[in-house]
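Right, one structure below, let's go through it.
The values are calculated or read from the model by the stated rules, or taken from the named source; none is laboratory data. What you see is a predicted model, and the numbers here were worked out from it, not measured in a lab. All Cβ positions, glycine included, derive from the backbone under ideal geometry; neighbour counts span all protein chains shown.
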Ligand SMILES: N[C@@H](CCC(=O)N[C@@H](CS)C(=O)NCC(=O)O)C(=O)O
């Protein structure tokens, strides 16, 4: 049965919740990057460090770049999740599977960040990335099969 993009639709309502959770998580990465920059005095542009005691302008600091890569990885995976998720909801998926997919995706992205920033040895991060990617592929296949 087809679903609709209404909060009264339980599948869309679940999607909206988990999509918002992962979007907020992704937005937090900007704040984390700023925090690492300020604590280390590392800036991407000369004008950014004007108020810092000992500013250093570089785009190769390992800790700053790690947070930035983590943010970039979120963008590569969470943007497709949000776009595919809308199409997936409209394709009328099985509610149990749909909610499970949204939950597993959100958990995998939160754990991916923890693995990246801690850092926890591989293949933990690769596994979390793979789980999230697999959910996106599953939703894409469901959408194509609904045509
Ligand atoms: N753009 C990614 C594509 C592959 C990917 O996302 N791999 C996962 C698991 S190893 C990852 O966390 N990559 C680290 C990253 O994107 O910085 C990369 O360059 O690694």
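A few remarks follow.
- Tally of residues being crowded, with 20+ Cβ neighbours inside 10 Å and more than 13 Å from the ligand (Cβ to nearest atom) across segment 104-124: 2
- Test: residue in segment 4-14 that is touching a strand residue (DSSP E or B) at 6+ places or on another chain (Cβ under 9 Å) and in contact (Cβ under 8 Å) with a residue 24 or more places away in the chain: no
- Exactly one residue among 66, 101 is in a helix (DSSP H, G or I), within 12 Å of the ligand (Cβ to nearest atom) and modelled with pLDDT of 95 or more, and that residue is 66.
- Unique match (being more than 17 Å from the chain's Cα centre (by Cα), crowded, with 20+ Cβ neighbours inside 10 Å and away from the ligand (no atom under 13 Å from the Cβ)) among 55, 93: 93
- Within segment 97-113, residues that are over 28 Å from residue 66 (Cβ atoms) reach partners that are in a helix (DSSP H, G or I) and within 16 Å of the ligand (Cβ to nearest atom) with beta carbons closer than 8 Å, at six or more positions or on different chains, in the pairs 101/135.
- Of residues in segment 125-141 being in contact (Cβ under 8 Å) with a residue 12 or more places away in the chain, over 12 Å from the mean Cα position of the chain (by Cα) and within 11 Å of the ligand (Cβ to nearest atom), the one surrounded by the most Cβ atoms within 10 Å (Cβ to Cβ): 125
- Subset of segment 6-51 (residues that are farther than 25 Å from residue 70 by Cα and surrounded by 12 or more Cβ atoms within 10 Å (Cβ to Cβ)): 9, 10, 11, 12, 13, 14
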